[in-house]
Amino acid sequence: MLQIPEAKLKEILVKDGLVAPDLFDTVAGEARRLSQGVAENLISRSIITASYYSGILSQYFNVPPAELDKRTVDQNILAMLPEDLARQKRVVLFGRSEDGAIMAAMEDPTDLTTIQFLESYLKTGVQPFLATEGDLNKGFALYGQATARDFKRIIEENLAASLASRVKGEEAATDVPIVAIVDNVISYAISLKASDIHIEIFEGFIFIRYRVDGILREVFRMPKEIHPAIVARLKLLSGMKIDEHSRPQDGRFRYEIGGDLVDVRVAVMPTYYGEKVEMRILPATNRPLSFQELGMFEDHAKLLEESVRKSYGMVLVCGPTGSGKTTTLYSVMNMLNRPEVNIVTVEDPIEYNIRFVNQTQINPIAGVTFADGLRAILRQDPNIIMVGEIRDAETAEIAVQSALTGHLVLSSLHTNDAPTAVPRFVDLKVPAFLVAAVLNAVLAQRLVRRICSSCVYSYSPSAELTAAVGRQVEQLGIQGQFKMPKFLFAGKGCPVCGGSGYKGRVGIFEILNISDEVRKLVIDPSFLLDNLRALARKEGMITMFEDGLRKVERGITTIEELLRVIRE
């Protein structure tokens with residue numbers, strides 16, 4: 001992110017009444033410690049908005065804003081710069097000025113080296129414009145349309161070459177057409193910002209699906225004859241045994257596209273017709289998000305922060321697979337990450353590195369499980385321990401003992417909501433009195449798709465939709481606390497969101513605060529989960545559905561998306 005000198009930024013923000021001088025100094029110090037820009041930290045804390053900062057940048061550097069959402073991008077001009085170069089340089093070409101110069105939306109319009117490169121590459125003058133993240137996303141989405149058109153053509157050409165090839169076995173893993181097919185499957189998924197790639201084998205074909213914003217979609221079908229070669233290629237890349245076909249295997253590799261690095265986590269599992277491959281795509285340069293960036297409103301963020309600021313006890317994050325639990329745990333660790341505390345983790349896998357945090361990857365083959373890793377952590381003089389997931393009674397027992405002996409333990413658990421974590425812990429052979437003693441709070445979450453900001457519109461809800469929401473509200477017993485808004489929001493569908501009306505995801509949350517009354521209920525021999533839910537609601541717990549309704553009212557997501565996720 002382009003930066004303004006700290007002193008100048010402070011002067012502007014104080015003058016505009018957006019921040020007090022002492023708060024700015026605190027944020028600046030925190031940003032330096034985390035190796036972040038001050039503006040980035042201010043935006044993540046919701047002290048300023050990205051659009052406000054973009055306006056400041058435009059004025060300070062005297063560069064006009066690109067505002068591509070208000071312009072028609074010339075596709076011929078866009079195509080003058082290949083997508084990989086555009087992504088690497090963070091530039092989108094969108095038109096030609098009156099004097100013939102190419103207009104370029106740039107993340108950093110003061111980067112003279114990039115401007116000189118563009119002028120040399122294009123053989124003409126370049127006029128820089130300041131691009132926001134939204135501007136660049138729109139431009140890259142237009143590249144994506146061309147990529148989608150080319151994807152099937154490239155795959156079909158290489159399919160024909162592969163089927164004609166007589167190369168079999170391990171040699172097929174390095175056969176040029178197979179290499180090209182695998183590269184295109186991965187690069188196309190990355191261009192769509194897919195989180196997962198599924199390569200499945202059935203009786204007559206290979207089925208390729210991507211998970212984009214939490215939704216699986218079919219992308220392509222291929223002849224089953226090339227399936228062994230594709231699996232062999234992926235096994236080779238991820239360090240697996242190519243000749244092992246009867247046992248599940250896991251691996252990972254790093255992939256580069258357009259100057260960006262991504263880690264690809266690969267899992268292979270034998271099925272009826274052959275081996276199924278699942279690939280999880282993880283940005284290698286990811287950074288922990290703030291609570292606000294996760295989608296937490298102030299009340300939830302404050303409650304969670306109070307719980308994790310305690311020097312001992314346990315905070316659990318709950319939800320199904322793919323609900324963002326690890327991302328939330330990383331955000332908590334980033335907030336707690338200070339020179340005076342020792343944070344040690346045991347994870348499966350380490351999704352991205354956090355500076356000054358000691359992270360350990362479990363390795364069951366080498367005998368390093370969550371329980372073994374947790375025992376080793378306790379000999380490292382930790383203040384804060386993060387256990388990626390509590391899966392068994394042994395890990396639960398050690399985690400509870402750690403939380404009881406002066407450590408703050410962060411972990412995740414697979415449950416549907418926050419209150420269910422209590423009986424789930426008891427099911428893991430942890431006595432109820434220890435559960436009551438050790439828990440500080442339980443956070444449960446899901447991910448809903450965000451409305452695309454490039455094509456959002458408002459509308460009046462139909463009678464059918466109002467009735468559907470009413471039934472859900474009635475089940476939760478909050479009829480008197482919710483009133484259907486006069487206007488709702490949705491996305492029409494555009495090139496930026498691929499026609500879906502959604503772009504990106506945001507969390508919906510509920511936090512069970514473990515109060516004294518909750519502790520008494522947990523250790524009661526006649527404990528009932530329904531009684532715990534009722535007590536939590538009485539003490540002010542906002543359910544995930546209610547949190548989702550708040551996001552619907554603010555135009556962050558749609559009511560249909562909320563109902564889909566909650567019903568799931």
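Quick one: Cα centre-to-centre distance for region 33-79 and region 528-564, in angstrom? After rounding, the separation between the Cα centres reads 34 Å. Multiplying the residue separation of ARG247 and ASN358 by 0.36 nm and subtracting their alpha-carbon distance yields 36.8 nm.
Of the accessible area of the chain, with the probe set at 1.4 angstrom, what percent is carbon plus sulfur?
Working: 13580 of 26820 Å².
C and S fraction of accessible area: 51 percent.
Placing +1 on the Cβ of each Lys and Arg and -1 on the Cβ of each Asp and Glu in the chain, which of THR114, LEU488, SER51 has its Cα farthest towards the positive end of the resulting dipole? Positive-most Cα among the choices belongs to LEU488. Using all pairs of distinct alpha-carbon atoms, the Kirkwood hydrodynamic radius of region 303-348 works out to 11.9 angstrom. Of interest is the spacing of the C-alpha centroids, which for region 212-261 and region 322-398 amounts to 28 Å. The residues of the chain expose, per residue, 47 Å² of accessible area to a 1.4 Å probe.
Estimate the FRET efficiency between TYR52 and LEU23 by the formula 1/(1 + (r/R0)^6), using the beta-carbon distance for r and 25 Å for R0, to the nearest 0.05.
On the way: r = 16 Å, r/R0 = 0.65.
Once rounded, the FRET efficiency stands at 0.95.
Taking R0 as 30 Å, what's the FRET efficiency between ASP74 and ILE154 from their Cβ-Cβ distance, rounded to 0.05? Computed FRET efficiency for ASP74 and ILE154: 0.75. Loop-located chymotrypsin sites (Phe, Trp or Tyr not before Pro) in region 415-493 (DSSP state not H, G, I, E or B) with no more than 14 neighbouring Cβ atoms inside 10 Å: PHE487.
Rounded to the nearest 20 Debye, what is the dipole magnitude of region 357-495 about its Cα centre when Lys and Arg each give +1 and Asp and Glu each give -1 at the C-beta?
660 debye
Considering the zone a paramagnetic label at ASN531 would reach in this model (a point 7 Å from Cα along the Cα-to-Cβ line), which residues of region 407-438 have amide N under 18 Å from it? Inside the label zone: 419-427, 431-437.
Check each of the trypsin sites (Lys or Arg not before Pro) in region 82-143 and keep only those in coil by DSSP with at most 15 other C-beta atoms within 10 angstrom; list them in order.
Details: sites: ARG87, LYS89, ARG90, ARG96, LYS123, LYS138; in loops: ARG90, LYS123.
Those that pass, being in a loop and sparsely packed, are LYS123.
Counting only other residues whose beta carbon sits under 9 Å from that of SER412, what net charge do I get with K and R as +1, D and E as -1? Mind showing how you got there, number by number?
On the way: positive: LYS325; negative: GLU389.
That sum, taken over residues with Cβ under 9 Å, equals 0.
When shorter helices are ignored and each DSSP H run of at least 4 residues is given -39500 (n - 2.57), the per-residue value for the chain at 222 nm works out to -12500 deg cm²/dmol.
Please give the length that would be gained between MET269 and ASN342 if that part of the chain were fully extended, namely 0.36 nm times their separation in residues minus their C-alpha to C-alpha distance (nm, one decimal).
On the way: separation 73, 0.36 × 73 = 26.28 nm, distance 3.78 nm.
Gain on stretching MET269 to ASN342: 22.5 nm.
The Cys residues in the chain with no partner Cys Cβ within less than 4.7 Å of their Cβ are CYS318. A Förster radius of 45 Å combined with the Cβ-Cβ distance from ALA101 to ASN416 puts the calculated FRET efficiency at roughly 0.20. With respect to the cross-link table entries LYS15/LYS193; LYS10/LYS70; LYS310/LYS520; LYS235/LYS492; LYS138/LYS486, which display a Cα-Cα separation exceeding 29 Å? The pairs that break the limit, which is 29 Å between Cα atoms, are LYS15/LYS193; LYS10/LYS70; LYS235/LYS492; LYS138/LYS486.
Could you give the length gained on full extension between ALA468 and VAL368, defined as 0.36 nm per residue of separation minus the Cα-Cα distance, in nm?
Working: separation 100, 0.36 × 100 = 36.00 nm, distance 4.85 nm.
So the extension gain works out to 31.1 nm.
About its Cα centre, the chain has a charge dipole of approximately 560 debye under the convention of +1 per Lys or Arg Cβ and -1 per Asp or Glu Cβ, with nothing else charged.
Please state the shape class of region 273-425: rounded when a/c is under 1.5, otherwise prolate if a/b exceeds b/c and oblate if not, all from the C-alpha gyration tensor. Here region 273-425 falls in the rounded category.
Loop-located trypsin sites (Lys or Arg not before Pro) in region 480-564 (DSSP state other than H, G, I, E, B) with a sparse environment of at most 15 neighbouring Cβ atoms within 10 Å: LYS483, LYS486, LYS492, ARG554.
By its C-alpha gyration tensor, with a ≥ b ≥ c as the square roots of the eigenvalues, how is region 59-101 shaped: rounded for a/c under 1.5, else prolate for a/b larger than b/c, else oblate? Present the calculation step by step, with values, prior to reporting the outcome.
Values: a/c = 1.72, a/b = 1.26, b/c = 1.37.
It is oblate, given that a/c is not under 1.5 and a/b is not larger than b/c.
The values are calculated or read from the model by the stated rules, or taken from the named source; none is laboratory data. Predicted model, so just to flag it, every value in this text is computed and none were measured. Positions of Cβ are backbone-derived with ideal geometry, glycine not excepted, and every protein chain shown enters the neighbour counts. All accessible areas refer to the heavy atoms of the entire protein, side chains included, with ligands and DNA or RNA removed. Shrake-Rupley method; radii C 1.70, N 1.55, O 1.52, S 1.80 Å.
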